[in-house]
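The values are calculated or read from the model by the stated rules, or taken from the named source; none is laboratory data. Quantities reported herein were computed from a predicted structural model and do not represent experimental measurements. Heads up, the Cβs are rebuilt from the backbone with ideal geometry, glycines too, and the neighbour counts pull from every protein chain shown. Side chains included, ligands, DNA and RNA excluded: accessible areas come from the protein's heavy atoms. Shrake-Rupley method; radii C 1.70, N 1.55, O 1.52, S 1.80 Å.
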Amino acid sequence: MSAESIRFKLNGRFVSSTGEEIADEERTVSLADRKAPLVFEPLDPDNGNFELFHVVIGMKFHWEREETQRFKGKLKLFVENGLITAVNILPIEDYLLSVISSEMSATSSVELLKAHAVISRSWLLAQIQKSRDVARHVSEYKTFIPNEEGYIKWYDREDHTHFDVCADDHCQRYQGITKVSSKQVYEALKATAGEVITCNNAVCDARFYKCCGGITETFENVWEPVHHPYLTKVIDNDVVPEGYNTDLTKEENARKWILSNPPAYCNTHDKEVLSQVLNDYDQETQDFYRWEVKLTQAEIKDLLFRKAGIDVGDVLDLIPVERGVSGRLIRLKIVGTTGTIVIGKELEIRKALSESHLYSSAFIVETRLIASLQSPPTEFILKGAGWGHGVGLCQIGAAIMGANGYSCQDILTHYFPNAELRKIY
Ligand SMILES: [Zn+2]
Ligand SMILES: [Zn+2]
(Lines give C-alpha, C1' and ligand atoms only; values in the text may rest on other atoms or scores of the structure.)
(Ligands and ions follow the chains in the order given, each with its own letter.)
Protein backbone atom coordinates (compact mmCIF):
# COMPACT_ATOMS: atom_id res chain seq x y z
CA MET A 1 0.00 0.00 0.00
CA SER A 2 1.02 3.63 -0.54
CA ALA A 3 -0.22 6.65 1.42
CA GLU A 4 0.96 9.96 2.85
CA SER A 5 1.19 8.26 6.22
CA ILE A 6 0.89 4.60 7.21
CA ARG A 7 -0.30 3.43 10.62
CA PHE A 8 0.71 -0.07 11.69
CA LYS A 9 0.94 -2.25 14.78
CA LEU A 10 3.74 -4.71 15.50
CA ASN A 11 2.49 -7.77 17.40
CA GLY A 12 5.31 -9.59 19.20
CA ARG A 13 8.98 -8.62 19.27
CA PHE A 14 10.55 -6.93 16.25
CA VAL A 15 13.91 -5.44 15.44
CA SER A 16 14.14 -2.46 13.09
CA SER A 17 16.78 -1.72 10.47
CA THR A 18 18.02 1.05 12.77
CA GLY A 19 18.71 -1.59 15.46
CA GLU A 20 15.79 -0.63 17.67
CA GLU A 21 13.92 -3.44 19.49
CA ILE A 22 10.16 -2.97 19.61
CA ALA A 23 7.42 -5.11 21.13
CA ASP A 24 3.63 -4.85 20.71
CA GLU A 25 3.59 -1.27 19.58
CA GLU A 26 1.47 0.88 17.28
CA ARG A 27 3.27 3.42 15.09
CA THR A 28 2.69 5.86 12.26
CA VAL A 29 5.27 6.64 9.60
CA SER A 30 4.61 9.72 7.52
CA LEU A 31 6.49 11.65 4.87
CA ALA A 32 7.49 14.27 7.46
CA ASP A 33 9.45 11.61 9.41
CA ARG A 34 11.96 11.15 6.59
CA LYS A 35 13.20 7.98 8.27
CA ALA A 36 12.31 5.64 5.43
CA PRO A 37 13.47 3.18 4.23
CA LEU A 38 12.77 1.27 7.40
CA VAL A 39 12.51 -2.51 7.85
CA PHE A 40 10.86 -4.23 10.81
CA GLU A 41 11.74 -7.90 11.20
CA PRO A 42 9.94 -10.25 13.61
CA LEU A 43 12.32 -12.00 16.04
CA ASP A 44 10.02 -15.03 16.08
CA PRO A 45 8.77 -15.29 12.45
CA ASP A 46 6.24 -18.05 13.31
CA ASN A 47 4.39 -15.99 15.90
CA GLY A 48 5.22 -12.33 15.24
CA ASN A 49 2.97 -10.42 12.84
CA PHE A 50 2.03 -6.86 11.99
CA GLU A 51 -1.20 -5.07 11.15
CA LEU A 52 -1.66 -2.34 8.56
CA PHE A 53 -4.59 0.03 9.07
CA HIS A 54 -6.71 1.63 6.30
CA VAL A 55 -5.63 -0.68 3.49
CA VAL A 56 -7.69 0.10 0.38
CA ILE A 57 -8.77 -3.05 -1.40
CA GLY A 58 -10.33 -3.30 -4.85
CA MET A 59 -8.65 -0.02 -5.75
CA LYS A 60 -10.90 1.83 -8.22
CA PHE A 61 -13.04 -1.28 -8.78
CA HIS A 62 -16.76 -1.16 -8.12
CA TRP A 63 -16.33 -2.74 -4.68
CA GLU A 64 -13.47 -0.57 -3.34
CA ARG A 65 -13.30 -0.46 0.49
CA GLU A 66 -10.86 -0.06 3.39
CA GLU A 67 -9.80 -2.68 5.94
CA THR A 68 -7.18 -3.56 8.56
CA GLN A 69 -4.90 -6.35 7.38
CA ARG A 70 -2.47 -8.61 9.21
CA PHE A 71 0.80 -10.04 7.83
CA LYS A 72 3.61 -12.43 8.71
CA GLY A 73 7.20 -11.72 7.64
CA LYS A 74 9.02 -8.40 7.41
CA LEU A 75 7.55 -4.93 6.93
CA LYS A 76 9.51 -2.53 4.74
CA LEU A 77 8.58 1.16 4.45
CA PHE A 78 10.09 3.54 1.91
CA VAL A 79 9.29 6.69 -0.04
CA GLU A 80 8.21 6.25 -3.66
CA ASN A 81 6.49 8.79 -5.93
CA GLY A 82 6.00 11.17 -3.01
CA LEU A 83 4.20 8.61 -0.84
CA ILE A 84 5.17 6.11 1.85
CA THR A 85 4.97 2.59 0.45
CA ALA A 86 4.63 -0.49 2.67
CA VAL A 87 6.00 -3.78 1.35
CA ASN A 88 5.79 -7.23 2.94
CA ILE A 89 8.82 -9.50 2.49
CA LEU A 90 8.04 -13.21 2.85
CA PRO A 91 8.72 -16.70 1.41
CA ILE A 92 7.01 -17.65 -1.89
CA GLU A 93 4.93 -20.55 -0.50
CA ASP A 94 3.64 -18.35 2.39
CA TYR A 95 2.58 -15.75 -0.18
CA LEU A 96 0.81 -18.44 -2.22
CA LEU A 97 -1.02 -19.78 0.85
CA SER A 98 -2.38 -16.29 1.40
CA VAL A 99 -3.36 -15.41 -2.18
CA ILE A 100 -5.07 -18.69 -2.84
CA SER A 101 -6.93 -18.42 0.47
CA SER A 102 -8.05 -14.90 -0.55
CA GLU A 103 -8.96 -15.84 -4.10
CA MET A 104 -10.66 -19.14 -3.38
CA SER A 105 -13.06 -20.46 -0.81
CA ALA A 106 -12.03 -23.51 1.21
CA THR A 107 -15.13 -25.25 -0.14
CA SER A 108 -13.55 -25.38 -3.62
CA SER A 109 -12.82 -28.79 -5.09
CA VAL A 110 -9.35 -30.16 -4.32
CA GLU A 111 -8.51 -30.30 -8.05
CA LEU A 112 -9.44 -26.63 -8.54
CA LEU A 113 -7.27 -25.62 -5.57
CA LYS A 114 -4.36 -27.66 -6.93
CA ALA A 115 -4.72 -26.07 -10.38
CA HIS A 116 -4.80 -22.62 -8.78
CA ALA A 117 -1.72 -23.41 -6.70
CA VAL A 118 0.20 -24.36 -9.85
CA ILE A 119 -0.86 -21.30 -11.87
CA SER A 120 -0.37 -18.82 -9.00
CA ARG A 121 3.14 -20.20 -8.42
CA SER A 122 3.94 -20.12 -12.16
CA TRP A 123 2.57 -16.60 -12.48
CA LEU A 124 4.58 -15.32 -9.49
CA LEU A 125 7.87 -16.80 -10.70
CA ALA A 126 7.21 -15.46 -14.21
CA GLN A 127 6.50 -11.93 -12.87
CA ILE A 128 9.70 -11.91 -10.81
CA GLN A 129 11.62 -12.98 -13.90
CA LYS A 130 9.86 -10.42 -16.09
CA SER A 131 10.49 -7.57 -13.61
CA ARG A 132 14.18 -8.45 -13.64
CA ASP A 133 14.22 -8.53 -17.43
CA VAL A 134 12.41 -5.18 -17.61
CA ALA A 135 14.84 -3.66 -15.08
CA ARG A 136 17.74 -4.77 -17.24
CA HIS A 137 16.32 -3.26 -20.46
CA VAL A 138 14.28 -0.35 -19.10
CA SER A 139 14.09 1.55 -22.38
CA GLU A 140 12.76 -1.44 -24.31
CA TYR A 141 9.60 -2.02 -22.28
CA LYS A 142 7.05 0.47 -23.59
CA THR A 143 3.40 0.31 -22.54
CA PHE A 144 2.22 3.52 -24.19
CA ILE A 145 2.37 3.90 -27.96
CA PRO A 146 0.95 7.11 -29.48
CA ASN A 147 -0.02 7.07 -33.18
CA GLU A 148 -1.79 9.32 -35.72
CA GLU A 149 -5.24 8.04 -34.74
CA GLY A 150 -4.85 8.09 -30.95
CA TYR A 151 -2.91 5.79 -28.70
CA ILE A 152 -2.44 2.22 -27.48
CA LYS A 153 -1.70 1.58 -23.82
CA TRP A 154 -1.51 -1.46 -21.59
CA TYR A 155 -0.83 -2.06 -17.95
CA ASP A 156 1.58 -4.70 -16.71
CA ARG A 157 4.95 -4.56 -14.93
CA GLU A 158 5.80 -0.94 -15.72
CA ASP A 159 5.42 0.48 -12.20
CA HIS A 160 6.66 -2.36 -9.94
CA THR A 161 10.32 -1.44 -9.68
CA HIS A 162 10.79 -1.71 -5.90
CA PHE A 163 8.75 -4.85 -5.25
CA ASP A 164 7.83 -8.03 -7.12
CA VAL A 165 4.03 -7.91 -7.02
CA CYS A 166 1.36 -5.54 -5.70
CA ALA A 167 -1.44 -6.64 -3.38
CA ASP A 168 -4.39 -5.61 -5.53
CA ASP A 169 -6.19 -7.18 -8.47
CA HIS A 170 -3.58 -5.74 -10.83
CA CYS A 171 -1.34 -8.64 -9.70
CA GLN A 172 -3.07 -11.03 -7.27
CA ARG A 173 -5.23 -10.04 -4.35
CA TYR A 174 -2.97 -10.41 -1.29
CA GLN A 175 -4.26 -9.85 2.24
CA GLY A 176 -1.53 -11.50 4.33
CA ILE A 177 -2.94 -13.61 7.17
CA THR A 178 -6.01 -11.36 7.58
CA LYS A 179 -8.17 -14.33 6.68
CA VAL A 180 -7.47 -17.71 8.18
CA SER A 181 -5.80 -19.88 5.58
CA SER A 182 -7.62 -23.15 5.11
CA LYS A 183 -6.25 -26.63 5.61
CA GLN A 184 -7.49 -27.46 2.07
CA VAL A 185 -5.42 -24.70 0.49
CA TYR A 186 -2.41 -25.73 2.56
CA GLU A 187 -2.87 -29.35 1.38
CA ALA A 188 -3.21 -28.24 -2.26
CA LEU A 189 0.06 -26.30 -1.99
CA LYS A 190 1.80 -29.26 -0.36
CA ALA A 191 0.45 -31.67 -3.00
CA THR A 192 1.81 -29.44 -5.79
CA ALA A 193 4.94 -28.13 -4.00
CA GLY A 194 7.40 -26.69 -6.52
CA GLU A 195 5.11 -27.56 -9.48
CA VAL A 196 4.68 -25.04 -12.28
CA ILE A 197 3.56 -25.11 -15.88
CA THR A 198 6.31 -24.59 -18.43
CA CYS A 199 6.58 -24.04 -22.16
CA ASN A 200 9.83 -24.11 -24.15
CA ASN A 201 11.75 -24.57 -20.87
CA ALA A 202 10.48 -21.33 -19.34
CA VAL A 203 7.95 -20.98 -16.52
CA CYS A 204 4.60 -19.93 -17.99
CA ASP A 205 3.23 -16.47 -17.33
CA ALA A 206 -0.02 -18.14 -16.21
CA ARG A 207 -2.68 -15.44 -16.19
CA PHE A 208 -6.22 -15.75 -14.82
CA TYR A 209 -9.38 -13.69 -14.31
CA LYS A 210 -13.02 -14.22 -13.35
CA CYS A 211 -14.99 -15.09 -16.50
CA CYS A 212 -13.98 -15.35 -20.17
CA GLY A 213 -17.49 -14.91 -21.57
CA GLY A 214 -17.24 -18.19 -23.51
CA ILE A 215 -13.89 -17.87 -25.32
CA THR A 216 -10.47 -16.90 -23.92
CA GLU A 217 -8.22 -14.13 -25.29
CA THR A 218 -4.58 -14.20 -26.44
CA PHE A 219 -1.79 -12.51 -24.47
CA GLU A 220 -0.69 -10.18 -27.25
CA ASN A 221 -4.17 -8.73 -27.69
CA VAL A 222 -4.13 -7.49 -24.08
CA TRP A 223 -0.46 -6.78 -23.31
CA GLU A 224 2.74 -6.39 -25.33
CA PRO A 225 2.99 -7.97 -28.79
CA VAL A 226 4.63 -11.24 -27.73
CA HIS A 227 3.02 -14.56 -28.63
CA HIS A 228 2.85 -17.21 -25.91
CA PRO A 229 1.72 -20.58 -27.34
CA TYR A 230 -0.08 -21.38 -24.03
CA LEU A 231 -2.04 -18.09 -23.86
CA THR A 232 -4.13 -18.58 -26.92
CA LYS A 233 -7.80 -18.91 -27.94
CA VAL A 234 -9.69 -21.60 -25.99
CA ILE A 235 -13.40 -22.31 -26.33
CA ASP A 236 -14.52 -22.62 -22.71
CA ASN A 237 -16.61 -25.74 -23.14
CA ASP A 238 -16.21 -29.45 -23.87
CA VAL A 239 -17.73 -28.93 -27.34
CA VAL A 240 -17.85 -26.02 -29.76
CA PRO A 241 -21.27 -24.37 -29.27
CA GLU A 242 -23.55 -25.05 -32.26
CA GLY A 243 -24.98 -22.28 -34.42
CA TYR A 244 -22.14 -19.82 -33.92
CA ASN A 245 -19.14 -18.79 -35.96
CA THR A 246 -16.53 -18.53 -33.21
CA ASP A 247 -14.19 -16.25 -35.18
CA LEU A 248 -15.05 -13.29 -32.97
CA THR A 249 -12.49 -11.01 -34.61
CA LYS A 250 -15.25 -10.53 -37.24
CA GLU A 251 -17.77 -7.94 -36.09
CA GLU A 252 -20.93 -9.81 -37.11
CA ASN A 253 -19.79 -12.99 -35.31
CA ALA A 254 -18.83 -11.03 -32.17
CA ARG A 255 -22.20 -9.25 -32.21
CA LYS A 256 -24.15 -12.51 -32.39
CA TRP A 257 -21.97 -14.15 -29.69
CA ILE A 258 -22.09 -11.28 -27.20
CA LEU A 259 -25.81 -10.57 -27.66
CA SER A 260 -26.77 -14.22 -27.11
CA ASN A 261 -26.18 -16.75 -24.39
CA PRO A 262 -23.98 -19.57 -25.74
CA PRO A 263 -23.18 -22.51 -23.45
CA ALA A 264 -19.79 -22.38 -21.66
CA TYR A 265 -18.31 -23.71 -18.43
CA CYS A 266 -18.47 -20.17 -17.02
CA ASN A 267 -22.08 -19.62 -18.15
CA THR A 268 -23.49 -20.56 -14.76
CA HIS A 269 -25.63 -19.27 -11.92
CA ASP A 270 -24.67 -22.14 -9.60
CA LYS A 271 -24.38 -20.21 -6.32
CA GLU A 272 -22.46 -22.93 -4.53
CA VAL A 273 -19.76 -23.15 -7.21
CA LEU A 274 -19.61 -19.34 -7.59
CA SER A 275 -19.02 -18.98 -3.86
CA GLN A 276 -15.85 -21.08 -4.33
CA VAL A 277 -14.17 -18.47 -6.53
CA LEU A 278 -15.93 -15.24 -5.63
CA ASN A 279 -15.48 -13.42 -2.34
CA ASP A 280 -18.51 -11.95 -0.56
CA TYR A 281 -18.00 -8.63 -2.32
CA ASP A 282 -17.55 -10.30 -5.70
CA GLN A 283 -20.77 -12.21 -5.24
CA GLU A 284 -22.48 -8.82 -5.35
CA THR A 285 -21.88 -9.18 -9.10
CA GLN A 286 -24.61 -11.42 -10.51
CA ASP A 287 -24.44 -10.78 -14.24
CA PHE A 288 -20.88 -11.44 -15.36
CA TYR A 289 -21.38 -13.81 -18.29
CA ARG A 290 -23.55 -11.25 -20.06
CA TRP A 291 -23.98 -7.73 -18.69
CA GLU A 292 -25.31 -4.30 -19.61
CA VAL A 293 -24.19 -0.75 -18.72
CA LYS A 294 -26.05 2.44 -19.66
CA LEU A 295 -24.33 5.82 -19.96
CA THR A 296 -26.01 9.14 -20.74
CA GLN A 297 -24.34 11.61 -23.13
CA ALA A 298 -23.31 13.77 -20.15
CA GLU A 299 -21.88 10.75 -18.28
CA ILE A 300 -19.87 9.42 -21.21
CA LYS A 301 -18.39 12.86 -21.98
CA ASP A 302 -17.45 13.36 -18.33
CA LEU A 303 -15.91 9.87 -18.02
CA LEU A 304 -13.85 10.16 -21.20
CA PHE A 305 -12.44 13.49 -20.04
CA ARG A 306 -11.74 12.55 -16.42
CA LYS A 307 -10.55 8.97 -16.97
CA ALA A 308 -8.64 9.29 -20.23
CA GLY A 309 -8.23 13.04 -20.90
CA ILE A 310 -10.33 12.73 -24.06
CA ASP A 311 -12.42 15.69 -25.26
CA VAL A 312 -14.13 15.16 -28.61
CA GLY A 313 -17.18 17.31 -27.89
CA ASP A 314 -20.51 15.48 -27.83
CA VAL A 315 -20.01 11.79 -28.47
CA LEU A 316 -21.65 10.67 -31.71
CA ASP A 317 -20.55 7.05 -31.88
CA LEU A 318 -18.31 4.33 -30.42
CA ILE A 319 -17.07 2.16 -33.28
CA PRO A 320 -15.23 -1.17 -32.88
CA VAL A 321 -11.97 -1.01 -34.86
CA GLU A 322 -10.34 -4.28 -33.84
CA ARG A 323 -11.50 -7.22 -31.74
CA GLY A 324 -9.49 -10.05 -30.25
CA VAL A 325 -10.36 -13.75 -30.53
CA SER A 326 -12.65 -13.57 -27.46
CA GLY A 327 -14.60 -10.62 -28.89
CA ARG A 328 -12.76 -8.21 -26.57
CA LEU A 329 -12.12 -4.84 -28.18
CA ILE A 330 -8.45 -4.13 -28.77
CA ARG A 331 -9.12 -0.74 -30.41
CA LEU A 332 -12.20 1.46 -30.16
CA LYS A 333 -12.93 4.58 -32.22
CA ILE A 334 -14.63 7.42 -30.35
CA VAL A 335 -16.34 9.81 -32.76
CA GLY A 336 -17.35 13.22 -31.43
CA THR A 337 -18.61 16.55 -32.74
CA THR A 338 -15.15 18.13 -32.50
CA GLY A 339 -12.81 15.20 -33.09
CA THR A 340 -12.15 11.48 -33.38
CA ILE A 341 -9.74 9.29 -31.45
CA VAL A 342 -8.89 5.58 -31.46
CA ILE A 343 -7.87 4.08 -28.10
CA GLY A 344 -6.71 0.66 -26.85
CA LYS A 345 -5.97 -1.86 -25.47
CA GLU A 346 -8.72 -3.54 -23.48
CA LEU A 347 -7.99 -2.11 -20.01
CA GLU A 348 -7.65 1.44 -21.32
CA ILE A 349 -11.07 1.06 -23.00
CA ARG A 350 -12.56 -0.37 -19.78
CA LYS A 351 -11.12 2.49 -17.70
CA ALA A 352 -12.18 5.25 -20.11
CA LEU A 353 -15.84 4.23 -20.11
CA SER A 354 -16.43 3.54 -16.43
CA GLU A 355 -16.01 5.11 -13.00
CA SER A 356 -14.17 1.92 -11.96
CA HIS A 357 -13.58 -0.51 -14.86
CA LEU A 358 -16.08 -2.02 -17.27
CA TYR A 359 -16.32 -5.76 -16.61
CA SER A 360 -14.60 -6.42 -19.93
CA SER A 361 -13.99 -4.84 -23.32
CA ALA A 362 -16.13 -7.47 -25.09
CA PHE A 363 -19.14 -5.29 -25.70
CA ILE A 364 -21.56 -4.11 -28.37
CA VAL A 365 -22.70 -0.47 -28.39
CA GLU A 366 -26.29 0.57 -28.95
CA THR A 367 -27.26 4.22 -28.98
CA ARG A 368 -30.51 5.94 -28.15
CA LEU A 369 -31.34 8.89 -30.35
CA ILE A 370 -33.92 11.58 -30.01
CA ALA A 371 -36.25 12.23 -32.94
CA SER A 372 -33.84 14.34 -34.97
CA LEU A 373 -31.03 12.15 -36.31
CA GLN A 374 -28.82 15.21 -36.53
CA SER A 375 -28.41 15.51 -32.76
CA PRO A 376 -25.96 13.39 -30.73
CA PRO A 377 -27.29 10.23 -29.00
CA THR A 378 -28.78 10.83 -25.56
CA GLU A 379 -27.74 7.44 -24.23
CA PHE A 380 -25.20 4.68 -24.94
CA ILE A 381 -26.01 1.09 -23.98
CA LEU A 382 -23.03 -1.25 -23.68
CA LYS A 383 -23.97 -4.93 -23.83
CA GLY A 384 -21.03 -7.05 -22.81
CA ALA A 385 -19.62 -10.50 -22.09
CA GLY A 386 -17.24 -11.76 -19.39
CA TRP A 387 -15.35 -10.29 -16.46
CA GLY A 388 -11.64 -9.52 -16.72
CA HIS A 389 -8.99 -9.62 -19.45
CA GLY A 390 -9.86 -13.14 -20.57
CA VAL A 391 -6.27 -14.42 -20.94
CA GLY A 392 -5.44 -17.84 -19.47
CA LEU A 393 -7.56 -19.53 -16.80
CA CYS A 394 -11.22 -18.61 -16.42
CA GLN A 395 -11.77 -18.99 -12.66
CA ILE A 396 -15.53 -19.51 -12.87
CA GLY A 397 -15.13 -22.00 -15.73
CA ALA A 398 -12.37 -23.82 -13.83
CA ALA A 399 -14.56 -24.02 -10.72
CA ILE A 400 -17.32 -25.64 -12.78
CA MET A 401 -14.79 -28.09 -14.29
CA GLY A 402 -13.52 -28.99 -10.78
CA ALA A 403 -17.08 -29.46 -9.52
CA ASN A 404 -17.83 -31.70 -12.52
CA GLY A 405 -14.97 -34.08 -11.71
CA TYR A 406 -12.21 -32.83 -14.00
CA SER A 407 -8.68 -33.17 -12.58
CA CYS A 408 -6.07 -30.49 -11.94
CA GLN A 409 -4.22 -31.70 -15.05
CA ASP A 410 -7.46 -31.54 -17.13
CA ILE A 411 -8.08 -27.95 -16.01
CA LEU A 412 -4.50 -26.85 -16.75
CA THR A 413 -4.48 -28.57 -20.16
CA HIS A 414 -7.81 -26.98 -21.09
CA TYR A 415 -6.83 -23.38 -20.29
CA PHE A 416 -3.10 -23.58 -21.07
CA PRO A 417 -2.68 -25.63 -24.25
CA ASN A 418 0.97 -26.40 -25.16
CA ALA A 419 2.09 -26.10 -21.52
CA GLU A 420 3.41 -28.95 -19.41
CA LEU A 421 3.28 -29.55 -15.67
CA ARG A 422 6.76 -29.78 -14.18
CA LYS A 423 8.26 -29.88 -10.67
CA ILE A 424 11.11 -27.37 -10.47
CA TYR A 425 11.86 -27.41 -6.71
ZN1 LIG B 1 0.54 -5.26 -9.62
ZN1 LIG C 1 -14.96 -18.99 -19.18
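Can you find a residue that is within 14 Å of ligand 2 (Cβ to nearest atom) and touching a Gly at 6+ places or on another chain (Cβ under 7 Å) anywhere in the stretch 188-206? Step through it out loud before you land on a result.
Within the stretch 188-206, the subset within 14 Å of ligand 2 (Cβ to nearest atom) is none.
No, the stretch 188-206 contains no residue that is within 14 Å of ligand 2 (Cβ to nearest atom) and touching a Gly at 6+ places or on another chain (Cβ under 7 Å).
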- Given (1) under 20 Å from the mean Cα position of the chain (by Cα); (2) in a loop (DSSP other than H, G, I, E, B); (3) in contact (Cβ under 8 Å) with a residue 60 or more places away in the chain; (4) on the phi < 0 side of the Ramachandran plot, residue 327 misses just (4)
- residue 228 vs (1) touching a residue at least 60 places away in the same chain (Cβ under 8 Å); (2) more than 16 Å from ligand 1 (Cβ to nearest atom); (3) within 29 Å of residue 423 (Cβ to Cβ); (4) buried (at least 17 other Cβ atoms within 10 Å of the Cβ): all pass except (1)
- Message: Among (1) hydrophobic (A, V, I, L, M, F, W, C); (2) assigned to a loop (DSSP other than H, G, I, E, B); (3) open to solvent by 50 Å² or more (accessible area, probe 1.4 Å), there is one condition residue 145 misses while meeting the rest; what is its number?
- Response: (2)
- Message: On the basis of being within 16 Å of ligand 2 (Cβ to nearest atom), open to solvent by 20 Å² or more (accessible area, probe 1.4 Å) and not in a strand (DSSP E or B), does residue 238 make the cut?
- Response: yes
- Query: Looking at (1) within 16 Å of ligand 2 (Cβ to nearest atom); (2) under 22 Å from residue 416 (Cα atoms); (3) surrounded by fewer than 21 Cβ atoms within 10 Å (Cβ to Cβ), which is the only condition residue 220 fails?
  - Reply: (1)
- So residue 98, is it under 20 Å from the mean Cα position of the chain (by Cα), among the polar types (S, T, N, Q) and away from ligand 2 (no atom under 16 Å from the Cβ): yes
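Residue by residue through the stretch 359-387, note down the ones that are within 16 Å of ligand 2 (Cβ to nearest atom) and open to solvent by 10 Å² or more (accessible area, probe 1.4 Å). Spell out how you get there, then give the answer.
Narrowing the stretch 359-387 to residues within 16 Å of ligand 2 (Cβ to nearest atom): 359-362, 384-387.
Within the stretch 359-387, 359, 387 meet the criteria.
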- Go through the stretch 261-288 and count every residue that is modelled with pLDDT of 95 or more and open to solvent by less than 10 Å² (accessible area, probe 1.4 Å). 2
- With the first residue restricted to the stretch 168-181 and required to be over 20 Å from residue 107 (Cβ atoms) and open to solvent by less than 70 Å² (accessible area, probe 1.4 Å), and the second required to be near ligand 1 (Cβ under 10 Å from one of its atoms) and at pLDDT 80 or above, Cβ contacts under 6 Å at 6 or more apart or on different chains are 171/165; 174/167
- Task: State whether one or more residues within the stretch 241-252 are in contact (Cβ under 8 Å) with a residue 40 or more places away in the chain, surrounded by fewer than 21 Cβ atoms within 10 Å (Cβ to Cβ) and touching a Ser or Thr at 6+ places or on another chain (Cβ under 8 Å).
- Result: no
- Item | Selected residue (only one of 152, 119 is open to solvent by less than 30 Å² (accessible area, probe 1.4 Å), within 16 Å of ligand 2 (Cβ to nearest atom) and β-branched (Val, Ile, Thr)) | 119
